[in-house]
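Notes for the one structure printed next.
What follows draws every value from the coordinates through simple rules; no lab data is involved. Since the model is a prediction, treat every value here as computed from it, not as a measurement. Ideal geometry is used to build each Cβ from the backbone, glycine not excepted, and the neighbour counts take in all protein chains shown.
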Amino acid sequence: MKVRVSVSLKNGVLDPQGRAIHHALEGLGFEGVRDVRAGRLIELDVADGTSDAALDEMCRKLLANMVIENYRVEKVAA
Amino acid sequence: MSGFRSAVVTFPGSNCDRDMAVAIEQIGGGTVHRVWHGDAELPDRLDLIALPGGFSYGDYLRCGAIASRSPIMRAVVDAANRGVAVLGVCNGFQVLTEAGLLPGALMRNAGIRFVCREVPLTVETSQSLFTSGYAAGQRITLPVAHHDGNYFADDATLDRLEGEGRVAFRYADAVNGSARGIAGILNPAGNVLGMMPHPERAIEPAHGGSDGRALFESVIGALVDA
């Protein structure tokens, strides 16, 4: 089973990388970009039947830092 | 001071472990054990455990994240909870926050750039195991060398740190965007200190300064006398 975990910074947490990307987009002449937030995409290939609770624990224990980040788990159709 | 027992943990990618061991040995004497991240146990009867600077596991995932889940860290967390003194510098500070021994997180510097220079700091408290050799409010200079030293915690946590006298060091100038200029913090019991500046790189005049020396003298002196 393929699982896609998206990790993003919580609202209100300053994102210097997103800001730099934003700045670079403006430098290239793209207009109307209001905000940029950079995150992380982690793809897992796990045993079929891996429980949602186990996936959640993987995110909380390692994949995301709950102090500054949120995560979203998405099961991907094969 | 020959009875002082300490350990310096080396993770894959640590690069200040030798400097840390030299500083402790020079100031405390005794035995400085070098411990590998994959070890499951620490030597017995340690007075001090140091987590050095560097780029453990290439800073993959998040700085300090993988190192904080390595086998030796379970033993370090147990020792810290038993009251053993733990000092984390730079990457070691990041490892301590990722391990949950200290609150908050260290994020990418607000200015994006890697910062490598000497910075002025204010010692915020002299009432700690690690800072008793300084005066509260004393201005010192230590080197920093980091890309991710931007301390973040929510306001309630920051208020608690300040209220409980757990901010050990503060940047005197803007360095990396850290919340309230925080450069180093203590755990509630005061036996764990995490800081981004490098005291082990400032222990003798040949380093260009020796303001880091008092930190080692404080903690080693307190523990040897105990």
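Size of the protein assembly as shown along its principal axes in angstrom, Cα-based, largest extent first?
Extents along the principal axes, in whole Å: 64, 46, 35.
Taking +1 at the Cβ of each Lys and Arg and -1 at the Cβ of each Asp and Glu, which of B:PRO103, B:GLY64, B:ALA85 sits farthest along the dipole of chain B towards its positive end, judged by Cα position relative to the Cα centre?
B:GLY64
Semi-axes of the equivalent ellipsoid of the stretch B:5-225: what are they in whole Å, largest first, if each equals the square root of 5 times a C-alpha gyration tensor eigenvalue? Each step should come with its number before you reach the end.
Details: eigenvalues 100, 80, 60 Å².
Rounded to whole Å, the semi-axes are 22, 20, 17.
How large is the dipole of the protein assembly as shown about the Cα centre if only Lys and Arg carry +1 and Asp and Glu carry -1, each at its Cβ, rounded to the nearest 20 debye?
Details: 29 positive and 36 negative charges, 55 e Å.
Roughly 260 debye, rounded to the nearest 20.
Would you calculate a helix-derived [θ] at 222 nm for chain A, using -39,500 (n - 2.57) for each DSSP H run of n ≥ 4 and dividing by the full residue count, to the nearest 500? Please report the intermediate quantities before stating the final value.
Details: 2 runs with 19 residues, N = 78.
Per the formula, -7000 deg cm²/dmol.
If we restrict to alpha carbons, what Rg and Dmax does chain A come to, in Å?
Calculated on Cα positions, Rg and Dmax stand at 15.6, 48 Å.
Can you tally the net charge around B:ARG139? Count Lys and Arg as +1, Asp and Glu as -1, for every other residue whose Cβ sits under 12 Å from the Cβ of B:ARG139.
Computed value for this residue: -2.
Please tell me the relative contact order of the stretch B:23-178 in percent, rounded to the nearest whole number, where contacts are Cα pairs under 8 Å and at least six residues apart.
Values: 254 pairs, mean separation 31.9, N = 156.
Relative contact order of the stretch B:23-178: 20 percent.
Would you tell me the mean number of C-beta atoms belonging to other protein chains that fall within 10 Å of each C-beta in A:61-67, as a whole number?
For peptide A:61-67, the averaged partner shielding equals 5.
For chain B, give me the percentage of DSSP beta bridges that are antiparallel, rounded to the nearest 5 percent.
Working: 22 of 39 bridges.
Around 55 percent of the beta bridges assigned by DSSP in chain B are antiparallel ones.
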